[in-house]
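I have placed the structure first, in the form of structure tokens, so that the comments after it can refer back to it.
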Amino acid sequence: MELSKITEGVYAVTGGTTVSGVICNSAKEALVVDTGLDESTARRLTRMLGEAGLLIRWIFNTHAHADHFGGNRFIVERTGAKVYAPALEAAVIQCPVLEPMYLFGGAMPPRNLRNKFLEAESSTVNEVAYRGPMCIGGIELEVVPLPGHSINQMGLAVNGVLFCGDAFLGEGTIAKHGVPFNVDIQAHLRTLDFLAEQEAILVCAHGGMYMDAKRIIATNRRRVHEIADAVLGSLESPCRTDEIARVTCEKFGVSIQAPSQYYLMKCAVSAVLTYLFNEGQLSMEVNHGTLLWSRKT
Ligand SMILES: [Zn+2]
């Protein structure tokens, strides 16, 4: 884990699975953007910032996925940091079972879905962060809506740097995941359009820093359309959601092996089904108790 300076008082924490951000004021008080997966990440982060002479006073969570807020609990207990998070995301951070629950269709999920990758330790959220300017500890910030990957994801802009959470992914991460996780494709595409126009240095939590992000944003957009085409291609005849998910994932070299992965991929592909349905390209019907999707001709 390493603290990489981006600009005066603004750093990226690299070397872990999630790139966190650190923003500090002249009193060496620090705001951490996303805290990583768990206590072990948070311990290393806290130690590293301590060694750099920084005191963690605030946390901003871009969204409520376990690898972005799982370190909150430890940092809050250790430092008393105040936590900011967007509305809705704040609800999941405070009640993390909601994540495996929504993936499981709203029912209480079985024990094996209640793992640290889907359900982080809960954390308090002291203040809901809304879009617009915000001043914390004398630091002038801007909360920027970046929905799509998560329902109410927000980025944080400061000094010409925009921490983007998972609004887009790096090339390696796209290749690894094949079908990136997004819950609202229409919103995700609008977010990508917005990001492509930004002059700021973009920090992507699974990809690093981009001085010029146009190419990587285009890669992200292209993958969305490739997935939508793959979903349409899987519908030679009416098909169930999980079968469409299997065929689509295989097309991108992903074979679904475990229940957690099954529910994540089913959700990611369901978002594409919603998008295509709302665009008028699909229809859905229940046949003998089974929900089937069809391509409209
Ligand atoms: Zn995420």
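Read the figures in this text as sums done on the coordinates, not as results from a lab. The structure displayed is predicted, hence computed values, not measured ones. Because the Cβ atoms are built from the backbone with ideal geometry, glycine has one as well, and the counts that use them run over all protein chains shown.
Points to keep in mind about this one:
- Derived scalar couplings between HN and Hα for segment 224-239 equal 4, 5, 5, 5, 4, 5, 5, 5, 4, x, 7, 9, 5, 9, x, 9 Hz in order, rounded to whole Hz, by the Karplus curve 6.51 cos²θ - 1.76 cosθ + 1.60 (θ = phi - 60°), x for Gly and Pro.
- Taking 0.36 nm per residue of separation and subtracting the Cα-Cα distance, full extension of the segment from Arg43 to Gln261 would add 75.7 nm.
- Within the shell defined by Cβ-Cβ distances under 15 Å, the residues around Gly253 carry a net charge of +1, with Lys and Arg each +1 and Asp and Glu each -1.
- Environment charge of Thr35, counting only residues whose C-beta is closer than 15 Å and scoring Lys/Arg +1, Asp/Glu -1: 0
- Within the chain, the percentage of alpha carbon pairs spaced more than 29 angstrom apart rounds to 34%.
- The H on the amide N of Val83, modeled in the peptide plane, is under 5 Å from the matching H of Ile59, Asn126, Glu127, each at least 5 residues off or on a different chain.
- Sorted largest first, extent of segment 176-233 alpha carbons per principal axis (Å): 37, 23, 19
- Cα point-scatterer Debye curve for segment 2-143, base-10 log of I(q)/I(0) at q = 0.12, 0.18, 0.21 Å⁻¹: -0.46, -0.97, -1.26
- Mean shadow area of segment 234-295, taken as a quarter of the surface of its Cα convex hull (nm²): 4.3 nm²
- A simple spin-label model places pseudo-atoms 7 Å from Cα toward Cβ; at Met284 and Thr297 they are separated by 2.4 nm.
- One chain, two ends: Glu142 and Glu199. Fully extended at 0.36 nm per residue, the span grows by 19.1 nm beyond their Cα-Cα distance.
- Rounded to the nearest 500, the 222 nm mean residue ellipticity of the chain from helices alone is -11000 deg cm²/dmol, with -39,500 (n - 2.57) taken per DSSP H run of at least 4 residues.
- Fraction of beta bridges assigned by DSSP in segment 2-143 that are antiparallel (%, nearest 5): 60 percent
- Residue-wise HN-Hα coupling along segment 113-125, computed from phi with Karplus coefficients 6.51, -1.76, 1.60 (Hz; x: Gly, Pro): 8, 9, 9, 5, 7, 9, 9, 6, 5, 6, 9, 5, 10
- Evaluated over the chain, the count of Lys pairs having alpha-carbon atoms less than 27 Å apart is 14 (only pairs 8 or more residues apart or interchain).
- In this label model, Glu243 and Met211 are separated by 5.1 nm, measuring between points 7 Å along each Cα→Cβ vector.
- For Glu171 and Arg78, a Förster radius of 35 Å and the Cβ-Cβ distance give a FRET efficiency of 0.50, rounded to the nearest 0.05.
- Here each label is just a point 7 Å from Cα along the line to Cβ, and for Met108 and Ser122 those points are 1.4 nm apart.
- A dipole drawn for segment 2-143 from +1 and -1 charges on Cβ atoms has a positive end, and of Thr79, Ala66, Gly15 the residue lying farthest that way is Thr79.
- For segment 183-200, 3J(HN,Hα) computed residue by residue from phi via the Karplus equation (6.51, -1.76, 1.60; θ = phi - 60°) reads 9, 9, 5, 4, 5, 4, 5, 5, 5, 5, 4, 4, 5, 4, 8, 7, 8, 5 Hz, glycine and proline entered as x.
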